[in-house]
1. Assigning unit charges at the beta carbon (Lys, Arg +1; Asp, Glu -1) and nothing else, what dipole magnitude in debye, to the nearest 20, does the chain show about its Cα centre?
2. Relative contact order, percent, of the chain when contacts are C-alpha pairs under 8 Å separated by at least 6 residues?
3. What distance in nm separates the simple spin-label points at L18 and H30, each placed 7 Å from Cα in the Cβ direction?
4. Just from its helices, what would the mean residue ellipticity at 222 nm be for the chain, if runs of 4 or more DSSP H residues each count -39500 (n - 2.57) and the sum is divided by every residue, rounded to the nearest 500 deg cm²/dmol?
5. Can you tell me the orientation of helix 5-19 relative to the chain, as the angle in degrees between its alpha-carbon axis and the longest Cα principal axis, to the nearest 10?
6. Can you compute the modelled spin-label distance between E38 and N4, with each label point 7 Å from Cα toward Cβ, in nm?
7. Check A27: other-chain or 5+ apart residues with amide H under 5 Å from its amide H, H built from backbone geometry?
Amino acid sequence: MEANAAGLKTLAGHFPTLAEEGTPDGAHLHLEEHNGLEAGSVGLVLERCDDE
């Protein structure tokens, strides 16, 4: 993965949301071009998984 400073800050900002108490297993966020990423970026899905 490669990101500029702004992208890394945006990505880091999503982790507390997924880690928050009460967030259900399987909750996820889609980061895609036109949805938080710059043009030409590859999409990314962040998902909470409490199963071990």
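We did not get these values from a lab; they are worked out from the coordinates using the rules stated. On a predicted model such as this, the values are computed, not experimentally measured, just so you know. Counting neighbours? That spans all protein chains shown, and the Cβs are built from the backbone with ideal geometry, glycine included.
1. Values: 2 positive and 11 negative charges, 61 e Å.
Charge dipole of the chain: 300 debye, to the nearest 20.
2. Details: 42 pairs, mean separation 16.1, N = 52.
That works out to 31 percent.
3. With each label placed 7 Å out from Cα toward Cβ, I get 1.6 nm.
4. Numbers: 1 runs with 15 residues, N = 52.
Mean residue ellipticity at 222 nm (helix-derived): -9500 deg cm²/dmol.
5. Orientation of helix 5-19: about 10 degrees from the principal axis.
6. About 0.3 nm separates the two model spin labels.
7. R48
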